[in-house]
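This report refers to the structure that appears directly beneath it.
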Amino acid sequence: MSNLENKVVWLTGASSGIGEALALALAKQQVKLVISARRVQELERVKKALNLSDDKCFIQPLDLEKIETFEQATKNIIAKFGSIDILVNNAGLSQRSLAKDTSIEVDKRLMNVNYIGTVALSKCVLPYMLQSKTGLFVTITSAVGKIPSPWRSSYAASKHALHGFFDSLRAECYDEGIRVLLVCPGFISTNVSVNALTGNGMPLGKMDDATQKGLSPQQCAEGIIQAIKSGKEEVVIGGLKEKFGIWMKRHFPSIFSIMIRKMKVR
């Protein structure tokens, strides 16, 4: 998909971090952009920064825990633009707690937001893509969707689950013109750790050192745009440490197991 001009792109989690940076990058591609998140005031701020007219940008509030609202939200976008060419599943929650200290309610919430909510929204969009015989799902997972990490047990599980679902969906729908891109960011300097859930469900409230030293959201957004344009099925966007870790896990899993126990991930 080398030319994104006038493509209808629905972007979740657009109010901050990678999502906000990606909204700005997509606006430069002259797409018709739908931005979603829970906080309408923040979406209005982002839309103002995009400098797009109402004909090119539409705000659709969305909470991934409220699956019952997805069908109407999808219909609103179809009524506005007539189609959804690309769904960017970016919204989600992270975690910073040991498995032994994490309540099952927190485990459930991470799965409900990151996996169930993302899959449910994609299933609302899928029939329209099948009808038009074209479409692209861009799902932002994580480097921990490929490799495990301490302090992120259920977050990692939810991201692994996304790989399983969307890899299967790609195989099922390829002949119908549907494509899937899985994006695996490593450490990106956003508020992801600040908002991450701790074992009792409260936000961590501070930034990890590793996150603070990560790539900028703008670098991540540009990498995503490049991957979309080049037709990639999966891309890792991060520093040498994350990419090396994924390589080691694939080729030398026992050595990686030792490495990850000693690696600074907070």
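None of the figures in this text is laboratory data; all of them are computed from the coordinates on show. Computed from a predicted structure; not experimentally measured. Here Cβ is always computed from backbone atoms with ideal geometry, including for glycine, and neighbour counts include all displayed protein chains.
Between helix 17-27 and the chain there is an angle of about 30 degrees, using the helix long axis and the longest principal axis of the Cα atoms.
With each run of n ≥ 4 DSSP H residues scored as -39500 (n - 2.57), what mean residue ellipticity at 222 nm is computed for the chain after dividing by its residue count and rounding to the nearest 500 deg cm²/dmol? Before the final figure, lay out each step's value.
On the way: 10 runs with 117 residues, N = 266.
Rounded to the nearest 500, the figure is -13500 deg cm²/dmol.
How far is helix 153-173 tilted, in degrees, relative to the longest principal axis of the Cα atoms in the chain, given as a value from 0 to 90 rounded to the nearest 10? Long axis of 153-173 versus the principal axis of the chain: about 40 degrees. Per-residue Karplus couplings for the stretch 126-137, computed as 6.51 cos²θ - 1.76 cosθ + 1.60 with θ equal to phi - 60°, are listed in order as 3, x, 5, 5, 5, 5, 8, 6, 7, x, 9, 9 Hz, Gly and Pro entered as x. Cross-link partners for K7 among the lysines, with Cα-Cα distance under 24 Å and sequence neighbours closer than 8 places in the same chain left out: K28, K32, K47, K48, K56, K75, K80, K123, K133, K229, K232. Amide H contacts under 5 Å for L181: F137, V138, T139, restricted to partners 5 or more places along the chain or on a different chain, H placed in the peptide plane at 1.01 Å from N.
Less than 5 angstrom separates the built amide H of Q95 from those of L197, all sequence-distant by 5 or more or on a different chain.
Rounded to whole numbers, the Karplus 3J(HN,Hα) couplings from phi for the stretch 35-49 are 10, 10, 5, 6, 8, 5, 4, 5, 5, 5, 5, 5, 4, 4, 5 Hz, using 6.51 cos²θ - 1.76 cosθ + 1.60 with θ = phi - 60°, and x at Gly and Pro. Separation of the stretch 42-65 from the stretch 92-109 is 30 Å, based on Cα centroids. The dipole here belongs to the stretch 8-240: it is taken about the Cα centre, uses +1 on the Cβ of Lys and Arg and -1 on the Cβ of Asp and Glu, and is about 320 debye.
Counting neighbouring beta carbons within 10 Å and listing from fewest to most, the residues D101, D208 come out as D101, D208. Distant-in-sequence amide contacts of V8, defined by a placed amide H-H separation under 5 Å and a gap of 5 or more residues or a different chain, comprise K32, D85, I86.
Between 0 and 90 degrees, the angle of helix 240-251 with respect to the longest Cα principal axis of the chain falls at about 80 degrees.
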